[in-house]
Each structure stands twice: as C-alpha cells, then as structure tokens.
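*Asks:* Attaching a single structure in structure tokens format; questions to follow.
The values are calculated or read from the model by the stated rules, or taken from the named source; none is laboratory data. Since the model is a prediction, treat every value here as computed from it, not as a measurement. Every residue, glycine as well, gets a Cβ built from its backbone with ideal geometry; the counts of neighbours run over all protein chains shown. For the accessible areas, the whole protein counts, side chains as well, though only heavy atoms, and no ligand, DNA or RNA atoms are used. Shrake-Rupley method; radii C 1.70, N 1.55, O 1.52, S 1.80 Å.
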Amino acid sequence: MITAIVMIHTDADAIPEVAREAVTIEGISEVFSVTGDVDLIAIARVAAHEELAGVVADKLSKVKGVTSTTTYIAFQAFSKEDLERGFALGMD
C-alpha cells in the first residue's frame, strides 16, 4: 500500500466544497481542513505508484476550486498503537 500526503491550496471560498468532493475520490481516505500555509491536507492510499498519478493529477487537482497541490509519498508509517503493540510482545 502506497500512502501519500497531499497538501491542497484552494480558492478561499471553496474550501468546504473541495473537501467534500475530494473525499469522494477513490484512493483518498481522509481530508483535513487545517491551519497554516495550506487549506486542506488529504491522505491518499493506493496499491501502486502508478495509481497515485490518477488520483492526484487526474482527479484531485481537477476538482473545481483547487489551485495547486504538493504530494509527499510516505516511506514508512509509524503509529503509537503499532509501537505499543510491538513492545508488548511476549509480556504476557
């Protein structure tokens, strides 16, 4: 599974509409409205790198109101729950 974090800039008056449409795109699992220098952050999860171009370039970037995107591909995912489970092995 390939995970990518997509920073999305939108027209100022289109943030909620872009978020609602973006989350319906197959391959986008979550969309967050955030503070900072971007308007939205989307999490894309696809089976292969080739699919990522279709999700971001062909679909997400063409949503009305999106002005630009920047995509970061995750090398590894870490979570508190996974780390706690791993360190708890053999503790029973």
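*Asks:* Tell me, please, whether a residue that is within 20 Å of Ile73 (Cα to Cα) and open to solvent by 70 Å² or more (accessible area, probe 1.4 Å) can be found in segment 1-9. Spell out the reasoning first.
*Replies:* If we filter segment 1-9 for residues that are within 20 Å of Ile73 (Cα to Cα), which is where we start, we get 1-9.
Next cut, open to solvent by 70 Å² or more (accessible area, probe 1.4 Å) only: 1.
Scanning segment 1-9 turns up at least one residue that is within 20 Å of Ile73 (Cα to Cα) and open to solvent by 70 Å² or more (accessible area, probe 1.4 Å).
*Asks:* Kindly provide the set of residues from segment 20-51 that are outside any strand (DSSP E or B), farther than 13 Å from His9 by Cα, open to solvent by less than 50 Å² (accessible area, probe 1.4 Å) and modelled with pLDDT of 95 or more, ordered by number. Talk me through it step by step, then tell me what you get.
*Replies:* Taking segment 20-51 as the starting set, the residues that turn out to be outside any strand (DSSP E or B) are 20-27, 34-39, 47-51.
Next, only the ones that are farther than 13 Å from His9 by Cα stay: 20-21, 23-27, 47-51.
Restricting the remaining residues to those that are open to solvent by less than 50 Å² (accessible area, probe 1.4 Å) gives 25, 27, 48.
The answer is Ile25, Gly27.
*Asks:* Hey, among Arg20, Arg45, which residue is farther than 20 Å from Gln76 by Cβ and basic (Lys, Arg)? Spell out the reasoning first.
*Replies:* Working: Arg45 fails: farther than 20 Å from Gln76 by Cβ.
From the options Arg20, Arg45, the qualifying one is Arg20.
*Asks:* Same structure, new question: Can you tell me which residue is least open to solvent (accessible area, probe 1.4 Å) among those in segment 63-75 that are farther than 13 Å from Val6 by Cβ and at pLDDT 95 or above? So that I can check it myself, show each step before the final result.
*Replies:* At the first step, the residues of segment 63-75 found to be farther than 13 Å from Val6 by Cβ are 64-65, 67, 75.
Cutting the leftovers down to at pLDDT 95 or above gives us 64-65, 67.
Numbers: Lys64: 179, Gly65: 12, Thr67: 86 Å².
Per the criteria, the residue is Gly65.
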